[in-house]
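Read through the structure below, which is laid out as structure tokens, and then see the notes.
The values are calculated or read from the model by the stated rules, or taken from the named source; none is laboratory data. Being a predicted model, the structure only gives us computed values, none of them experimental. Here the Cβ positions follow ideal geometry from the backbone for every residue, glycine too, while neighbour counts run over all protein chains shown.
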Amino acid sequence: WKGLFAWSAQYSDGTKPTEFSPMTKEERKWLEEAMQQYTFDEAKRMPEIVQILCECNEKDKQELLDCLEELQDIIDTHERNSHNLELMGGFKVLMKVMFGSQYEEVRRLAMAVFSLIVQNNLELQEKAQAYGGLELMHQYVKEENSKNKEQTMGALSSLVRNSSLVVQKQFLDNMNALEWLKQVILSKDTTFRTLTKVYFLLFDLISKETDQNLAKAQEDENFVKNFILQNDDMIAQMIKTLNYDEEEDLFPHHTLREYILNILGSIFQYKEDAMTEDIMESIKSKVSQIDQLTSASKDEDLVEILTKENTIINDILQKSGNFLLTH
């Protein structure tokens with residue numbers, strides 16, 4: 001501010017009268033019209049977009065994609081626009097497009113807009129659940145395109161993560177969600193991008209169980225952890241997914257591995273006697289792989305992420321190893 005003031009003082013001559021005069025009526029009118037012409041009116045444009053989406057069966061793919069991209073930009077501008085969309089009935093229309101459009105790309109983009117609207121927004125998460133948002137689980141099965149499956153899982157995760165107890169309870173109880181997520185994990189057709197979203201969601205659910213300050217969606221306060229512990233095939237698949245064999249996958253799959261490791265750490269910290277010697281040996285083999293990779297690699301960033309993962313693994317092994325030694 002001082003610099004600006006000094007510059008202003010240096011480059012202005014206070015001894016001369018200003019050359020600027022008040023605007024005439026005509027000039028003010030011209031300026032107002034020019035500003036109005038180049039000012040985007042979100043409140044006016046959103047109903048127009050909603051109307052086009054209402055007629056989605058009669059519109060071509062590109063027009064729908066253009067409208068959804070525009071809506072995405074509007075929603076991203078300010079959180080209030082999500083609520084405005086709901087107030088004008090547009091949120092429900094968006095969900096109908098998300099579930100019912102004949103075009104794969106349109107459904108996928110509609111899901112992306114849906115995710116943007118509901119993530120970390122309790123009110124709109126509950127609205128989405130009331131409108132049938134958990135039907136995304138069925139939609140995932142229907143979608144054949146892998147990118148659409150990824151986006152469907154992302155939309156579901158945005159709906160459930162950090163949601164109210166009403167949404168979580170409906171998801172876990174009425175939809176038998178954990179069994180469904182298990183089948184997604186065990187399927188050989190599930191992409192790594194989709195798996196990352198699945199494990200992110202699972203880790204969030206486990207974190208909510210672990211946080212003693214939060215109310216619980218289940219009478220069993222360790223409902224998710226107990227489910228995983230009762231399903232050996234699920235644990236085995238998690239450990240198998242901790243793959244350090246393919247060097248080109250080490251960076252892209254780091255986040256996925258980190259979620260898995262944090263989930264394993266949580267469940268074995270909760271129930272130490274669940275760590276069998278076979279599981280321990282399987283996890284130990286990952287340590288050996290990581291040690292070899294870090295010793296051989298000259299990539300500092302790669303060494304950093306592998307060291308971080310190794311720290312989590314060693315923490316799991318140390319706690320469980322101490323239990324096995326004392327029992």
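Just a few scattered comments:
- Residue within the range 127-134 that is among the polar types (S, T, N, Q) and in a helix (DSSP H, G or I) present: yes
- Selection count where residues are under 17 Å from Ser158 (Cα atoms) and at pLDDT below 95, scope the range 172-203: 2
- The single condition among (1) under 17 Å from Ala177 (Cα atoms); (2) of a type outside the set (Asp, Glu); (3) more than 20 Å from the chain's Cα centre (by Cα); (4) surrounded by 15 or more Cβ atoms within 10 Å (Cβ to Cβ) that Lys208 does not satisfy is (3).
So that you can scan it fast, the table gives a plain yes or no per residue for (1) modelled with pLDDT under 95; (2) buried (at least 24 other Cβ atoms within 10 Å of the Cβ); (3) aliphatic (A, V, I, L, M):
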site	(1), (2), (3)
Tyr131	no, no, no
Gln139	no, no, no
Lys142	no, no, no
Asn148	no, no, no
Met153	no, yes, yes
Ser157	no, no, no
Gln170	yes, no, no
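- If the condition is being within 23 Å of Asn176 (Cβ to Cβ) and either surrounded by fewer than 18 Cβ atoms within 10 Å (Cβ to Cβ) or of a type in the set (Val, Ile, Thr) (or both), then the range 116-125 contributes only Val118.
- For the range 248-282, the set of residues classified as among the charged types (D, E, K, R) and at pLDDT below 95 consists of Glu248, Asp249, Lys271, Glu272, Asp273, Glu277, Asp278, Glu281, listed by residue number.
- Qualifying helices (runs of 4 or more DSSP H) (wholly inside the range 217-327; at least 1 residues being among the hydroxyl-bearing types (Ser, Thr, Tyr) and surrounded by 14 or more Cβ atoms within 10 Å (Cβ to Cβ)): 232-241, 254-270, 277-296, 300-326
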